[in-house]
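Asks: Here it is, the structure, as structure tokens.
The values are calculated or read from the model by the stated rules, or taken from the named source; none is laboratory data. Keep in mind it's a predicted model, so treat the numbers as computed, not measured. Reconstructed Cβ throughout: ideal geometry from the backbone, glycine too, with neighbour counts over all protein chains shown. To get the accessible areas, we keep the full protein, side chains included, count just its heavy atoms, and leave off ligands, DNA and RNA. Shrake-Rupley method; radii C 1.70, N 1.55, O 1.52, S 1.80 Å.
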Number of protein chains: 2
Amino acid sequence: MMKALVNKKTTKQASETEISVNHQKLIDATIETIAKRGLADTTIAHVAKRAKVSQGYANFRFKSKDNLLISSLQYLSDEYKKSWQKIFEENNIDPIDRIIRIVQNDFSSKIANRNKISVWIAFYSEVKFRPSYLTICQRQDEIYSQQMEKLVNEINNITNQKEFTPKEVSETYHSMVDGLWQRILFDPKIYTHEFCKNLVLKYFKSIYVNEDRFA
Amino acid sequence: MMKALVNKKTTKQASETEISVNHQKLIDATIETIAKRGLADTTIAHVAKRAKVSQGYANFRFKSKDNLLISSLQYLSDEYKKSWQKIFEENNIDPIDRIIRIVQNDFSSKIANRNKISVWIAFYSEVKFRPSYLTICQRQDEIYSQQMEKLVNEINNITNQKEFTPKEVSETYHSMVDGLWQRILFDPKIYTHEFCKNLVLKYFKSIYVNEDRFA
DNA sequence: ATAAAAATTGAATGATTATTCAATACAAAA
DNA sequence: TTTTGTATTGAATAATCATTCAATTTTTAT
């Protein structure tokens, strides 16, 4: 009725931006709704209300609920990827400092908060039944692992560590992160960001015995 | 119509057993249905069909779908608990052998198969919104952790390992298991039971450097 | 300012599903 | 066998929800 006035721009380009604004509003609302109510209780009506558009529009805009969910997972995945991609690419920084930054990122409040984690796990839980969810998650994992192994390899060389392969260290770290994220959901009082970070740093300490930065 | 004849016994006690047979049939069918179709797609109708009882009966027997789901999670939790409880209690066995058995159990095909894991994760994903799910999962975790720390403490004493506390080792192991279970869902080709077991044994090797049984 | 096009609404539709319950089948007791 | 109580059925109910679409509002072009 008048709502639309608020954000509208006048040029054609602005109008195209406008399209993405609604697009993004709906994706944000989807993620928030899943975080607040769970995937099972996330309806188009709830999402539309939160995004402040009509129910019909939400469906029209994304063609289907399924498509909206997939787009939201993709967004979440991209957001996470951007956060670590940046760190892996900082070649001027010492590898050990770089891996510590990766750990800090993985347990930052932007990434490892209960809302985001509950959304991740909601999608994980459907991975076996929705090939499109699986594809998005797998693609993410693959690149992360690849970069992680490269980084661990550098550290192995620097520290002259030969007992544990880059793949082993990378897989262990990765599974620890997934496991700890899950536990943050269960009991965020115990599994604080500090607790989790210290735990994985201790793991690195067990591998790179002489490296004090992991202590 | 005649179905019921098949399993019926004649004495009163047998009749009570009969009650549990249907009870268990429904719980099994629930777990199988979640594994096959996902929690979101699990309806009373599907479960009833798989258990070979009428839809009305399934609901009547458990009072509500919610109650059926909770009972199924409880069953899954008890089953898992029995499998590790036994091992923790084998005090005559060397602690290191005992922890290796724990690892073997956690990645046995009875425990760590894709069906069971997908059911676990389905429930995990709702933990934030269903206090009863959370309670069941937390109670399980608490006892497991407690026993694990006790066991690690023994091993620390035997090996004279002082750098890593029982709590740290236990938490690291536990999070690795959760993380690896998740990854088995993603890619069971890569994350075979052997792969997972070797990975956690390698972790123990990093802690207990001189102990060859972890190699 | 007006017309045409595009965006957005909201109410209607049809499908799905948990739950209820009267009717039936069955078992136990007499 | 007959009666009584319990177990089980299956069809009806009511609620929820994704999806559709004709009508309306807003934007753009003339």
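Asks: Starting from the Cα of B:K86, draw a straight line to each of the lysines and keep only those under 27 Å, dropping any in the same chain fewer than 8 residues away.
Replies: Partners found: B:K25, B:K110, B:K116, B:K150, B:K167, B:K197, B:K202, B:K205.
Asks: Related question: The range A:87-181: which GluC sites (Glu not before Pro) are DSSP loop and have at most 16 other beta-carbon atoms within 10 angstrom?
Replies: Numbers: sites: A:E89, A:E90, A:E126, A:E142, A:E149, A:E154, A:E163, A:E168, A:E171; in loops: A:E89, A:E90, A:E126, A:E163.
Listed in order of number, the matching sites are A:E89, A:E90, A:E163.
Asks: Which angle from 0 to 90°, rounded to the nearest 10, does the C-alpha axis of helix B:12-37 make with the longest principal axis of chain B?
Replies: 70 degrees
Asks: Rounded to whole Å and sorted largest first, list the principal axis extents of the Cα atoms in chain B.
Replies: 67, 39, 31
Asks: Using the crude model of +1 on Lys and Arg Cβ and -1 on Asp and Glu Cβ, and no other charge, please compute the dipole size for the range A:66-106 relative to its Cα centre, in debye to 20.
Replies: Details: 5 positive and 8 negative charges, 7 e Å.
The calculation lands at about 40 debye.
Asks: Oh, and also: Percent relative contact order of the range B:72-214, based on C-alpha pairs within less than 8 angstrom and at least six residues apart? Numbers along the way, then the final one.
Replies: Values: 95 pairs, mean separation 39.9, N = 143.
That works out to 28 percent.
Asks: Let me ask something additional. If packing is taken as the average count of other Cβ atoms within 10 Å, what order do B:25-32, A:40-47, B:117-124, A:186-193 fall into, highest mean first? Present the calculation step by step, with values, prior to reporting the outcome.
Replies: On the way: B:25-32: 21.5, A:40-47: 18.1, B:117-124: 23.2, A:186-193: 14.5.
Order by mean packing, descending: B:117-124, B:25-32, A:40-47, A:186-193.
Asks: Per residue of A:139-146, what is the mean number of Cβ atoms on other protein chains within 10 angstrom of that residue's Cβ? Please report the intermediate quantities before stating the final value.
Replies: Working: counts 0, 0, 3, 1, 0, 0, 1, 0.
Taking all residues of A:139-146 together, the mean is 1.
Asks: Follow-up question, since we're still on this one. Where a Cα-Cα gap under 16 Å defines reach, which aspartates and glutamates qualify for B:K189, not counting those fewer than 8 residues away within the same chain?
Replies: B:K189 reaches A:D141, A:E142, A:E171.
Asks: Oh, and also: Counting only protein heavy atoms and a 1.4 Å probe, tell me what percentage of the range A:132-183's accessible area is made up of carbon and sulfur. Could the numbers behind the result be given before it?
Replies: Values: 1000 of 2060 Å².
Accessible surface attributable to carbon and sulfur in the range A:132-183 totals 48 percent.
Asks: Also, I was wondering about something else. For a Förster distance of 51 Å, can you work out the FRET efficiency between the beta-carbons of B:F60 and A:E142, rounded to the nearest 0.05?
Replies: On the way: r = 48 Å, r/R0 = 0.95.
The calculated FRET efficiency here is 0.60.
Asks: Efficiency by 1/(1 + (r/R0)^6): what FRET value for A:A40 and B:R114, r their Cβ-Cβ distance, R0 = 22 Å, to the nearest 0.05?
Replies: On the way: r = 21 Å, r/R0 = 0.96.
Efficiency, rounded to the nearest 0.05: 0.55.
Asks: If you take the square roots of the eigenvalues of the alpha-carbon gyration tensor of the range B:140-208 and sort them as a ≥ b ≥ c, do you get rounded (a/c under 1.5), prolate (a/b over b/c) or oblate?
Replies: Working: a/c = 3.09, a/b = 1.68, b/c = 1.84.
Verdict is oblate for the range B:140-208.
Asks: Counting residues in the range A:54-111 as N, plug N into 2.2 N^0.38 Å and put the Cα Rg over that result.
Replies: Details: Rg = 17.1 Å, N = 58, 2.2 N^0.38 = 10.3 Å.
The reported ratio for this selection is 1.66.
Asks: Along the Cα→Cβ direction, 7 angstrom out, place labels at A:T165 and B:A215. What is the inter-label distance in nm?
Replies: 1.7 nm
Asks: What order, most packed first, do the peptides A:175-184, A:79-88 have when packing is the mean number of other Cβ atoms within 10 Å of each residue?
Replies: Values: A:175-184: 24.0, A:79-88: 15.0.
The peptides rank, most packed first, as A:175-184, A:79-88.
Asks: Using the alpha-carbon centroid of each, what span in Å lies between the range A:119-154 and the range B:74-101?
Replies: Measuring centre to centre over Cα atoms gives 31 Å.
Asks: Please calculate the 1.4 Å probe accessible area of A:C196, with all protein chains present, and give it to the nearest 10 Å².
Replies: Its heavy atoms expose roughly 0 Å² to the probe.
Asks: So what are the radius of gyration and Dmax for the Cα set of the range B:59-178, in Å?
Replies: 16.3, 58
Asks: Eigenvalues of the Cα gyration tensor times 5, then square-rooted: what semi-axes does that give for the protein assembly as shown, in whole angstrom, largest first? The partial results should precede the final answer.
Replies: Working: eigenvalues 280, 265, 50 Å².
Equivalent-ellipsoid dimensions as semi-axes: 37, 36, 16 Å.
Asks: How big is the A/B interface in buried accessible area, both sides summed, 1.4 Å probe, to the nearest 100 Å²? If you can, show how the numbers build up before the last one.
Replies: Working: alone 12580 and 12580 Å², together 21100 Å².
Summing both sides, the interface buries roughly 4100 Å².
Asks: While we're on this one: Students often get this wrong: which residues of the range B:120-141 have the backbone nitrogen under 20 Å from the point 7 angstrom along Cα-to-C-beta of A:S83?
Replies: Zone members listed by number: B:125, B:128.
Asks: Something else now. Might you tell me the accessible area per residue for the range B:99-175, computed with a 1.4 Å probe and given in Å²? Don't jump to the answer; show the numbers that get you there.
Replies: Working: 3090 Å² over 77 residues.
On a per-residue basis, the range B:99-175 sits at 40 Å².
Asks: On to the next question. Within 10 Å of each Cβ of A:177-189, how many other protein chain Cβ atoms are there on average?
Replies: Details: counts 2, 9, 13, 7, 4, 10, 6, 0, 6, 8, 5, 0, 0.
Mean inter-chain Cβ contacts per residue within 10 Å come to 5.
Asks: Pop a pseudo-label 7 angstrom from the Cα along the beta-carbon direction at both A:N105 and B:F195 and give the gap in nm to one decimal.
Replies: Roughly 2.4 nm, to one decimal.
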